Amino acid sequence: MNYYSEKGNGQLPVRKEIDDKYKWDLTDIYKTEELLEKDFRWIENQILKYNDFEGTLGESAEKLFEFLKFDEELRIRFGRVIRYALLAKDIDLGDVKYQALYERANTLNTKIDTESSFVEPELLSFPEEKITGFISDKNELNIYRHYFENLLRMKPHILSKEIEEILALSGPLQQLPHDAYGLFANADAKFPRVKDDKGNEVDISHGRYYVALESTDREYRKRVYKNFYTPFNDLKNTIFALFNGNIKANQFNAKVRKFQSDREAALKVNNIPENVYDNLINSVNENLQPLHRWGRLKKKILGIDELHPYDTYVTLFPSVMRDYSYEEGKEILLKGLQPLGEDYLNTLKNAFNNRWIDVYETKGKRSGAYSSGVTFGFHPYVLLNWNNQLGDVFTFSHEMGHNLHSFYTEQNQPFVFANYSIFIAEVASTLNEALLLDYLMDKSSSKDEKLSLIERYLNNITTTFYRQTRFAEFEQIVHEMNSKGEPLTTDNVSEIFGSLYMKHWGTEMILDEEEAFSWSRIPHFYYNFYVYQYATSFAASELLAIKLKTEGKPAIDKYLSFLKAGNSEYPIELLKNTGADLNSPDPIIAVAEKMDYLLDRMEELLAEN
C-alpha cells in the first residue's frame, strides 16, 4: 500500500486517511483519557508524601523498603502518563491538545524530581555499613543491592539536597534546546516543493529526503539535497543558538556535579570507561582506507567526474530496485530473524498482530523512526515512516530490535532494573540488521541482487559505524572547545564538521556547503555523547551475529539473557557475558576488515562476465 500515490497530488496524507491497523493502539496504555487524568491527579496528590519520608530513610530497613515501594508505584504510574503523552504528541506535532498534555507531564516530572531530590543525598549520608546492614536485616531489600552499589559509585557527583533540588528545577530549562529544535525540525520547518524524478511537484519531507538520495536521477538527488537545507539555512543563527545552548547545559551539569568533563559526565552514569570512546575514534581514524576505497569505487561505478555528498547513497544497481510493502516487510523479518529462536519470533508476531506499530508518514507526524523504550507494566511501541523502500525494511528490523529488547527487559526485571543503558541499546537493533542482511544475501540468486545487497551492507557500515564515529569525534571537539573557552560560531562549527567529513571520505569527495552545515539537522547532537554507541554497538552486534549462526542454541540463550538483563549489571559486563569486549580495539578493527572483504567481493562480481 502506498498512501502517497492514493493522494495523487504529492501531498502527505492526514492521519484519518490511514487504516487503523497501520496505527498504534494507545488504548493499551489507557482505555480512556479520563483514566489518564485519574492517574495524573493521583500522582499530583501523592507527590506530597515525599515530605513524610524526608529524614526518615535511615530509621530502619522497614522504613527504607516502605519508601522504595512508594517511590516505585508513583514512578510506574508516571511512566504510563508520560509515555502516553509523548506518543500521542508525536503522531501530530501540530496538535496543541497533545502538546499541552506533554508539557503538563514534563511539569509533573519536574515536581517529582524536585520533591524527591533529597533521596540520594540522604542515602549517601549514611555509612556504607548501614545500607548493607539494612539489606541483611530485610530480605526484600536484597533485590536493590546493585542499585545501592551503583549509587555509592556515583557518590562524588551527588550533591546536597538543596543543590539537587535546584538541578531538578532547572531540568525543563536545560531541555529547551532539544524541545525547541524538535518542534522546528518536525513541525515548523517549511520545506520547498520540487520536481521529483517523474516531473511531479512534491513536498520535500524528512522521509522523502532519504528516498530521493537513493534515486538514480542525479539532478533529482541534487535538487532535493540542496532544497532540504533551505529552512535550516534560513534560521541558521537560531539553530546554532539551540545547538550551543545544549552544549552549555551539558557543561553546566558536568561542572556542578564535579566531573572533569562533559564527556565523563555522560559516560560515567553507565560506568563506561572513557578509553572506550577514545579507542573507537582512534581505531577508526587508523582504519579509514576501506571508506576511501568505497568512495573511489562508487565514483567508478557511477561514471562521474566528481563525487558529491548527494551521490553517496544512490542505488548503484537499479535493476533490482523495487517497492517493499509493509506487509512484505513483516514476512521478511520473520524469516530473516530466525537465528534468534522461536520465542523471539513469537514475540515479534505478537507485536505485529496487536498494533504496537505506527507505520506511515502523515502530515505533522514526527520524522524518522524509534522504539518507545521500556515503560513498566505495558509493551513498547514503534514509530515508522514507511516509504516502500528496502531501507524501510532495515529500519523496521532495527526498531523491532529495540522493541523486543524493551519488552524482554520489562517482562523479566523488577522496576528498579527495568531499563537498560543507552550503551547497549543499539546492540539489539544493529544485530537485527546484520541478520536481515545475511538472510537476504543468502537467498539472493542473481549477480545484480548480490551486488545490491553487498552495497546495502557497505552503506550500513558507512552510516552506522563510520558516520556515527565521525559524529562522535565532532561532539568531542566542540565540547572541548567550549570547555576551554574557545568561541563556537556557525562558521567554525561548519568548518570542523566539513573537515571531518573530508577526512573520512578522502580526496575523491567534493565537499558541498550543505554537507558542512549538515550538523544543523542531526537531532542526536542534543542527546549528549550518544552517537558513539551506534558504532560500538555495531561492532558488538557483528560479532554476536556470527556467534548466533555458528554456535546455535548456546549463543541464543546468552543473547536472550542479555535482552532480559536490563540494568541488573553494568553494560560493559553484560556485553562481556555474550562474548563481546569493547575495551579492546579488535571489534572495531574487525568491522573495517569486513568492509574490505565486502569490497573485494563486490569487485570480483563486477569483474565477472
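The values are calculated or read from the model by the stated rules, or taken from the named source; none is laboratory data. Nothing here was measured: the structure is a model prediction, and the numbers come from that model. We place every Cβ from the backbone using ideal geometry, glycine too, and count neighbours over all the protein chains shown.
Out of all the residues in the stretch 185-195, which are in contact with a helix residue (DSSP H, G or I) (Cβ under 7 Å, 6 or more places away or on another chain) and assigned to a helix (DSSP H, G or I)? Hit for the stretch 185-195 is 185, nothing else. Tell me yes or no: at least one residue of the stretch 139-154 is more than 30 Å from residue 61 (Cβ to Cβ) and at pLDDT 95 or above. No: the stretch 139-154 contains no residue that is more than 30 Å from residue 61 (Cβ to Cβ) and at pLDDT 95 or above. Please work out if residue 249 is closer than 30 Å to residue 589 by Cα and either without any contact (Cβ under 8 Å) to a residue 24 or more places away in the chain or among the small types (Gly, Ala, Ser) (or both). Answer is no for this residue.
All conditions but one from (1) surrounded by fewer than 20 Cβ atoms within 10 Å (Cβ to Cβ); (2) touching a Gly at 6+ places or on another chain (Cβ under 7 Å); (3) in a helix (DSSP H, G or I) apply to residue 511; the one that does not is (3).
Looking at the structure I just gave you, is residue 240 among the aromatic types (Phe, Trp, Tyr) and part of a helix (DSSP H, G or I)? Yes.
Of all residues in the stretch 182-220, those satisfying the criterion of being within 29 Å of residue 525 (Cα to Cα), touching a Ser or Thr at 6+ places or on another chain (Cβ under 9 Å), touching a residue at least 60 places away in the same chain (Cβ under 8 Å) and not aliphatic (A, V, I, L, M) are 186, 205, 206, 207, 214, 215. Residues that are β-branched (Val, Ile, Thr) and within 16 Å of residue 352 (Cβ to Cβ) within the stretch 368-401 comprise 382, 393, 395, listed in sequence order. Please name all residue pairs, on different chains or six or more residues apart, with Cβ atoms under 7 Å, provided the first residue is in the stretch 111-124 and is closer than 13 Å to residue 49 by Cβ and surrounded by fewer than 19 Cβ atoms within 10 Å (Cβ to Cβ) and the second residue is at pLDDT 95 or above and not aromatic (Phe, Trp, Tyr). Going by the 7 Å Cβ cut-off, the qualifying pairs are 111/47. Within the stretch 360-380, the residues that satisfy the criterion of being part of a loop (DSSP other than H, G, I, E, B) and at negative phi are 361, 362, 363, 365, 366, 367, 369, 372, 374, 376, 379, 380. Might you check whether a residue that is in contact with a strand residue (DSSP E or B) (Cβ under 7 Å, 6 or more places away or on another chain), at pLDDT below 95, of a type in the set (A, V, I, L, M, F, W, C) and not in a helix (DSSP H, G or I) occurs anywhere in the stretch 19-40? So far as the stretch 19-40 goes, no, none of its residues is in contact with a strand residue (DSSP E or B) (Cβ under 7 Å, 6 or more places away or on another chain), at pLDDT below 95, of a type in the set (A, V, I, L, M, F, W, C) and not in a helix (DSSP H, G or I).
Here is the figure for the stretch 185-194: residues that are surrounded by 14 or more Cβ atoms within 10 Å (Cβ to Cβ) and either under 29 Å from residue 124 (Cβ atoms) or at pLDDT 90 or above (or both) total 2.
For the stretch 57-78, state whether one or more residues are loosely packed, with under 14 Cβ neighbours inside 10 Å and assigned to a loop (DSSP other than H, G, I, E, B). Yes, there is a match, as at least one residue in the stretch 57-78 is loosely packed, with under 14 Cβ neighbours inside 10 Å and assigned to a loop (DSSP other than H, G, I, E, B).
Residue count for the stretch 196-236 satisfying the condition of being of a type in the set (Asp, Glu), assigned to a helix (DSSP H, G or I) and more than 17 Å from residue 183 (Cα to Cα): 1.
Every residue, every condition in (1) without any contact (Cβ under 8 Å) to a residue 24 or more places away in the chain; (2) charged (D, E, K, R); (3) farther than 23 Å from residue 120 by Cβ, yes or no:
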| site | (1), (2), (3) |
| --- | --- |
| 55 | no, no, no |
| 58 | no, no, no |
| 64 | no, no, no |
| 68 | no, no, no |
| 76 | no, no, no |
| 88 | no, no, yes |
| 94 | no, no, yes |
| 97 | yes, yes, yes |
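If you check residue 488 against the conditions, is it buried (at least 16 other Cβ atoms within 10 Å of the Cβ) and in a loop (DSSP other than H, G, I, E, B)? Yes: the conditions hold for residue 488.
Against the test of being surrounded by 18 or more Cβ atoms within 10 Å (Cβ to Cβ) and closer than 28 Å to residue 567 by Cα, the options 181, 144 yield a single qualifying residue, 144. Going through the stretch 514-547 one residue at a time, which ones are at pLDDT below 90, more than 14 Å from residue 429 (Cβ to Cβ) and of a type in the set (A, V, I, L, M, F, W, C)? 543, 546 - these are the residues of the stretch 514-547 that are at pLDDT below 90, more than 14 Å from residue 429 (Cβ to Cβ) and of a type in the set (A, V, I, L, M, F, W, C).
State which residue is nearest to residue 355 (Cα to Cα) when the search covers only the stretch 20-37 and only residues that are without any contact (Cβ under 8 Å) to a residue 12 or more places away in the chain and loosely packed, with under 13 Cβ neighbours inside 10 Å. If we take residues in the stretch 20-37 being without any contact (Cβ under 8 Å) to a residue 12 or more places away in the chain and loosely packed, with under 13 Cβ neighbours inside 10 Å, then 27 is nearest to residue 355 (Cα to Cα).
Kindly indicate the residue of the stretch 432-461 that is surrounded by fewer than 20 Cβ atoms within 10 Å (Cβ to Cβ) and among the hydroxyl-bearing types (Ser, Thr, Tyr) and also nearest to the chain's Cα centre (by Cα) among those meeting that condition. Checking each candidate, the answer is 439. Within the stretch 329-359, take every residue that is in a helix (DSSP H, G or I) and charged (D, E, K, R) and give me the one that is surrounded by the most Cβ atoms within 10 Å (Cβ to Cβ). The residue in question is 330. Residues in the stretch 494-533 that are closer than 18 Å to residue 230 by Cα and either in contact (Cβ under 8 Å) with a residue 24 or more places away in the chain or among the polar types (S, T, N, Q) (or both): 494, 511, 512, 514, 515, 517, 518, 519, 520, 521, 522, 523. Going through (1) touching a helix residue (DSSP H, G or I) at 6+ places or on another chain (Cβ under 8 Å); (2) closer than 24 Å to residue 161 by Cβ; (3) surrounded by fewer than 18 Cβ atoms within 10 Å (Cβ to Cβ) one by one, residue 42 falls short only on (2). Note down all Cβ pairs under 6 Å where the first residue falls in the stretch 580-601 and is within 12 Å of residue 541 (Cβ to Cβ), the second is modelled with pLDDT of 90 or more, and they're at least six residues apart or on different chains. From residues that are within 12 Å of residue 541 (Cβ to Cβ), the pairs are 580/540; 582/276; 582/536; 587/539; 591/465; 591/539. Is it the case, given these coordinates, that residue 316 is touching an Asp or Glu at 6+ places or on another chain (Cβ under 6 Å) and surrounded by 15 or more Cβ atoms within 10 Å (Cβ to Cβ)? Against the criterion (touching an Asp or Glu at 6+ places or on another chain (Cβ under 6 Å) and surrounded by 15 or more Cβ atoms within 10 Å (Cβ to Cβ)), residue 316 qualifies. Scanning the stretch 339-363 for residues that are in contact (Cβ under 8 Å) with a residue 12 or more places away in the chain, of a type in the set (S, T, N, Q) and closer than 17 Å to residue 556 by Cβ gives a single hit, 347.
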